[in-house]
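The values are calculated or read from the model by the stated rules, or taken from the named source; none is laboratory data. All values derive from a computational prediction rather than experimental measurement. FYI the Cβ positions are ideal-geometry reconstructions off the backbone, even for glycines, and counts take in every protein chain you see.
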Amino acid sequence: MKDHIRPALTMLLLLTVLTGLIYPLAVTGLVQVFFQDQANGSLIVREGKVVGSKLIGQYFEKPEYFWGRPSATAPFPYNAAASGGSNLGPTNPVLLEAVKTRVAALRAVDPGNDLTIPVDLVTASGSGLDPHISPAAAQYQIRRVARIRGIDEAVVRDLVVQHIHGRQLGFLGEPRVNVLLLNLALNEKR
Amino acid sequence: MTMNAITQVLVFFGVLLALVKPLGWYMARVFEGKPFGLDRFLGPVERSIYRLCGVRPTDEMDWKNYGMAMLLFSAAGFLFLYGLQRLQGLLPLNPANLGAVPPDLAFSTAASFVTNTNWQAYGGETTLSYLAQMLGLTVQNFVSAATGMAVLVALIRGLSRNTSRTLGNFWSDLVRSTLYILLPLALILSVLLVSQGVVQTVADYHMVTPLQQGRPDTTPAMEIEQIAVGPAASQIAIKQLGTNGGGFFNANSAHPFENPTPLSNFLEVLAILLIPASLCYTFGMMVGDTRQGWVLLAAMTILLLCFVPLGLWAEQSGNPILTHAGVNQQAQVDQAGGNMEGKETRFGITGSVLWSAVTTAASNGAVNSMHDSYTPLGGIVPMILMQFGEVVFGGVGSSLYGMIVFAIIAVFVAGLMVGRTPEYLGKKIEPYDMKMAALLILIMPIVVLGFTALAISTESGRSSILNPGPHGFSEILYAYTSQGNNNGSAFAGLNANTPFYNLTGGIAMLISRFWLVIPLLALAGSLARKKLVPVGPGTLPTHTPLFVVLLIGVVVMVGALTFLPALALGPIVEELIMGGQ
């Protein structure tokens, strides 16, 4: 047993330097050269200010904006420094209540909208930072956003269609719309 | 299942199986010490590591020495990781100024990473500094996986050597696994992941001005928001390849910075199974008959393919309770539909369910959706796949040694039926070997069911439950199933960061990794000492489809008999309740 103590300690030290320092720093160096934008968080800059990241959703609850997925992060929704989901089980009454409240809120700001409510618009995402909604969820909100902003529905619809991201390589993942980018484009429309 | 779901699943398995042979061949060369190209460049590094450590890679070890070296190395890693977390507040590379991790959480996290479990009682971005993530977690991601491979190689040598007392040199197997297999693969994968948008920086968290200003529910101080970043890609690459699974961020691979696109999702889920699947081919090569490896791989693949459709169907059908509330869960051209609570839009149902099955079939445990929010039958899939004892692909190294043990039990069962002494790969399986194999099969259920019973019958166990009713029981059963199998995924609603769960879980993880290794190496040592006997007329061939069926039968019987009663109390009851509403 004594014969193994020295190798165990030295080995741990050397492998720590190799895999814990050299490896991550080498990767950092490499990608900071080749993929700088992505490595630093795919930031969106407008007029010299960082307004967000293409990959991190933001919270929208004003009716003139498209809303994203509900977010369960604490202590406030879309907290990008503490990601997480609701973890509510399918038969938990709290989940049902939360969904009912969200359905009611969507109906209240847009009376007369008779489209069915897409599931992703009333269920919390896994990360709490989901930047996307389904095209159906964007579709559902077009009427409301156009009405409140006083723009033609067709204009908003065009914008939504332009922001639909298809499946990657034609078959991977799901079609989706980036809510922050869509809302930014909407603001710039004015 | 939609057409697209079938395509995504088939392409995934196609690519995986295409990679098995080349990587399996490469790994066999590494372990057999034959030239393979990369050794010409990295050979000097390997040799200087041996020199500095004062070991000779050619010194052969018997099973006791091999086990002792492995245990001492793991113990040193455990103490270092514990100390690092306790002292992180005083050390550099801590931009978010995080303080010392409390003792019980540091114990659980250290046990979790040394055992290749990566149970996440910590919340990445809110608990651990960059330094602790790099020097602590990333390092253990490498070496705990390399240790698993080393133990597997020792067992394979036990099967392939003729009357030998020794199983190889632990230090050499450890270094070669790390240097020639894990590091190059991790380097390639991290760069690919960053190209998709995974972050890799040592800069501070970003401060951003959100687009919608003047939110009624926040104070003016919140007008500026923080976005957590960090050296994530390098850790995520190895967390997947080494079947570790511990996230850089709290939301693990659901976090857009860990898993930004469907392609990154594909690469990560592929990386989970890549080494465990390829090791089957390595095994075949090292025992001199690749058919033996394909048989094990076939059994694993078939078992996994049986469960993926069940999960897809359950999750795509959605939650009937929400349908009554007026929510549209249909799969349509413009939405994935299904049970989307806890899932990300970009992955939808297919990307999430495939991941949940793969991550639990392998003992990875990373999640890209919240398993706690799955429908009961959707959630039973990951639970059962773990309860098979992590032999369906399983951990890097540890799976295959589990599957080999099941193969030994299968030949034993077959031997009982015809009344002959069973043989596996030319080695007679005798009472001592069967005792060790039986121990290996029994320890895990005792740990899982014992701790579940303890938690459910104490106040400190029950008070952590989030969801009421049978789902709460599922949360506890899932927690110990995961830790007792060194998986690490969770029904994360359970508040696992309490002294009770940190301690019991930490013990469960340590037992199921290190107590298993001792009988396993003893088995390897006993097999190595035996003579290789030639194939006789009474030998059960272990390279045939019949043996695949027998092997699957044994795995399913053992798993089902052990865990069905417990499953009936959790997900099965909940499914009946949900269907009745």
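Observations on the model:
- Residues satisfying the stated conditions in the stretch A:73-108, i.e. more than 17 Å from B:Asn328 (Cβ to Cβ), surrounded by fewer than 17 Cβ atoms within 10 Å (Cβ to Cβ) and of a type outside the set (Gly, Ala, Ser): A:Pro75, A:Phe76, A:Pro93, A:Val94, A:Glu97, A:Thr101
- Unmet requirement for B:Ser172, which otherwise passes all of (1) within 19 Å of the chain's Cα centre (by Cα); (2) touching a residue at least 60 places away in the same chain (Cβ under 8 Å): (1)
- Meets criteria (surrounded by fewer than 24 Cβ atoms within 10 Å (Cβ to Cβ), more than 7 Å from chain A (Cβ to nearest Cβ) and assigned to a loop (DSSP other than H, G, I, E, B)) for B:Gln330: yes
- Picking from residues in the stretch B:88-109 that are in contact (Cβ under 8 Å) with a residue 24 or more places away in the chain, hydrophobic (A, V, I, L, M, F, W, C) and outside any helix (DSSP H, G or I), the one that is farthest from the other protein chains (Cβ to nearest Cβ) is B:Val101.
- Against the criterion of being at negative phi, modelled with pLDDT of 90 or more and within 13 Å of the chain's Cα centre (by Cα), B:Ala410 does not qualify.
- Leading residue by the ranking (surrounded by the most Cβ atoms within 10 Å (Cβ to Cβ)) among those in the stretch B:1-32 that are among the hydroxyl-bearing types (Ser, Thr, Tyr) and in contact with a Phe, Trp or Tyr (Cβ under 9 Å, 6 or more places away or on another chain): B:Tyr26
- Exactly one residue out of A:Ala124, A:Ala82, A:Ala136 is farther than 30 Å from B:Gln581 by Cβ, among the hydrophobic types (A, V, I, L, M, F, W, C) and in contact with an Asp or Glu (Cβ under 9 Å, 6 or more places away or on another chain): that is A:Ala82.
- Verdict on B:Leu193 being surrounded by fewer than 23 Cβ atoms within 10 Å (Cβ to Cβ) and within 10 Å of another protein chain (Cβ to nearest Cβ): no
- Among helices (runs of 4 or more DSSP H) entirely within the stretch B:465-581, having at least 2 residues that are of a type in the set (S, T, N, Q) singles out B:470-484, B:499-510.
- Filter pass, B:Leu296 being touching a helix residue (DSSP H, G or I) at 6+ places or on another chain (Cβ under 6 Å) and more than 25 Å from B:Glu575 (Cβ to Cβ): yes
- Odd one out for B:Ala146, checked against (1) facing another protein chain (nearest Cβ under 9 Å); (2) surrounded by fewer than 24 Cβ atoms within 10 Å (Cβ to Cβ); (3) over 15 Å from B:Asn250 (Cα atoms): (2)
- The one condition in (1) at the interface with chain B (Cβ under 9 Å from one of its Cβ atoms); (2) under 21 Å from the mean Cα position of the chain (by Cα); (3) among the hydroxyl-bearing types (Ser, Thr, Tyr) that A:Ser71 fails to fulfil: (1)
- Taking helices (runs of 4 or more DSSP H) as the structural unit, those lying wholly within the stretch B:372-458 and holding at least 1 residues that are within 30 Å of A:Val94 (Cα to Cα) correspond to B:376-387, B:431-456.
- Of the criteria (1) part of a loop (DSSP other than H, G, I, E, B); (2) surrounded by fewer than 24 Cβ atoms within 10 Å (Cβ to Cβ); (3) within 8 Å of chain B (Cβ to nearest Cβ), which one A:Leu184 fails: (1)
- Set B:Arg462, B:Arg420: member being surrounded by fewer than 19 Cβ atoms within 10 Å (Cβ to Cβ), among the charged types (D, E, K, R) and farther than 29 Å from B:Val405 by Cα: B:Arg462
- Any hit, the stretch B:456-471, residues being under 25 Å from B:Ala560 (Cα atoms), more than 20 Å from the chain's Cα centre (by Cα) and aliphatic (A, V, I, L, M): yes
- Residues located in the stretch B:70-87, provided they are without any contact (Cβ under 8 Å) to a residue 60 or more places away in the chain and facing chain A (nearest Cβ under 9 Å): B:Leu72, B:Ala75, B:Ala76, B:Phe80
- Checking B:Thr138 against (1) in contact with a helix residue (DSSP H, G or I) (Cβ under 8 Å, 6 or more places away or on another chain); (2) of a type in the set (S, T, N, Q); (3) outside any helix (DSSP H, G or I), the condition it does not meet: (3)
- Within the stretch A:31-52, if we keep just the residues that are at the interface with another protein chain (Cβ under 7 Å from one of its Cβ atoms) and in contact (Cβ under 8 Å) with a residue 60 or more places away in the chain, the residue that is surrounded by the most Cβ atoms within 10 Å (Cβ to Cβ) turns out to be A:Gly52.
- Here B:Ala228, B:Ala237 are screened, and the one residue that is crowded, with 24+ Cβ neighbours inside 10 Å and either at pLDDT below 90 or more than 10 Å from every other protein chain (Cβ to nearest Cβ) (or both) is B:Ala228.
- Just one of the listed residues (A:Pro118, A:Pro90) is more than 23 Å from B:Pro468 (Cβ to Cβ) and in the same structural domain as A:Ala138 (by TED's automatic domain parsing), namely A:Pro118.
- Test for B:Tyr50: is it under 25 Å from the mean Cα position of the chain (by Cα) and more than 30 Å from B:Val353 (Cβ to Cβ): no
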